[in-house]
Amino acid sequence: MAHIKSERTLVVIKPDGLQRTLAGEIIKRYERLGLKLVGMKLLVPTASHIKTHYNLDPNWKRIVGEKSIEAYQKKGLTPPSMDPLVLGDKVIDSLQKYMTSGPVVAMVWQGAHAVKIVRKVTGGTEPLTSDVGTIRGDFVVDSYQMADTDGRAVRNLIHASGSVDEANNEIKHWFNPEELINYRLVQEQILYDVNLDGLLE
């Protein structure tokens, strides 16, 4: 079984993150945690690539559709459909337009608890309700209400894998194995060496 320090997660800086010149700030946040960047590329994703991405988990479309229905009902509004799959498709269509509107930076980060740590620092899906100190909480003013009013996806700068299984599937979708680099960082001795051997001369 692999050591937890080798856990990997996918992060994609979305088109709005690049247009707002926040790529360096976002990368810095993850680097400061002690995570290691093992893969990175700049690309404009195709619509089919994004559609496949959001269908890697066969339950994702249904779950996001159920959440949409619940969100409409909480606001006292009638959902456009009571079929979660119909609403899930609508969300995916919005995400396709958003994610293919310009270049993105796809990255793979490695380190202990990489998936949970990245999600914590990134913040919640809706920037408006993300905590201060998170990337989305600090740099975005968008909300579900504004996105719904405008008929678009929420602009929240970043995609970050939600679980280890999801990360493994997403990394395979975005990167070929030869695009991921195995190397050692000096700081890993501080983070992971059991006895901190060799610090003193």
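Where does helix 23-33 land angle-wise versus the long Cα axis of the chain, in degrees 0 to 90, nearest 10?
Rounded to the nearest ten degrees, it is 50.
How far is helix 164-174 tilted off the main Cα axis of the chain, in degrees rounded to 10, range 0 to 90?
80
How much net charge surrounds L10 when only other residues with a Cβ under 15 Å from its Cβ are counted (Lys, Arg +1; Asp, Glu -1)? List each step's numbers first, then the result.
Numbers: positive: R8, K14, K36, K41, K116, R119, K172; negative: E7, D57, D165, E166, E170, E179.
Neighbourhood net charge equals +1.
Among the lysines, which have Cα under 24 Å from the Cα of K14 when same-chain residues fewer than 8 positions away are ignored?
List returned: K28, K36, K41, K51, K61, K67, K90, K97, K116, K120, K172.
Let me check I've understood the local charge: for G137, count other residues with C-beta under 12 angstrom from its C-beta, Lys and Arg +1, Asp and Glu -1. What total comes out? Please list the in-between numbers first.
On the way: positive: R29, K120, R136; negative: E126, D131, D138, D142.
Around G137, the surrounding residues sum to -1.
Pairing the Cα long axis of helix 60-74 with the longest principal axis of the chain, what angle in degrees results, from 0 to 90 and rounded to the nearest 10?
Roughly 60 degrees between the two axes.
So what is the calculated 222 nm ellipticity per residue for the chain, using -39500 (n - 2.57) for each DSSP H run with n of 4 or more, over all residues, to the nearest 500 deg cm²/dmol?
Values: 10 runs with 91 residues, N = 201.
Dividing the helical sum by the residues of the chain leaves -13000 deg cm²/dmol.
Quick one: order K90, K116 by neighbouring beta-carbon count within 10 Å, fewest to most.
Details: K90 17, K116 14.
The order, fewest Cβ neighbours first, is K116, K90.
What does the charge count around E188 come to, taking other residues whose C-beta lies under 12 Å from its C-beta (Lys +1, Arg +1, Asp -1, Glu -1)?
Numbers: positive: K5, K36, R184; negative: D193.
So the environment of E188 carries a net charge of +2.
Using a 10 Å cut-off around each Cβ, can you sort S48, S161 from fewest to most neighbouring Cβ atoms? Show your work: numbers first, answer last.
Details: S48 10, S161 23.
So the residues, fewest neighbours to most, are S48, S161.
Read the figures in this text as sums done on the coordinates, not as results from a lab. If you're wondering where the values come from, they're calculated on a predicted model, not measured in any experiment. For neighbour counting, all protein chains shown are included, and Cβ atoms are generated from backbone atoms with ideal geometry for every residue, glycine included.
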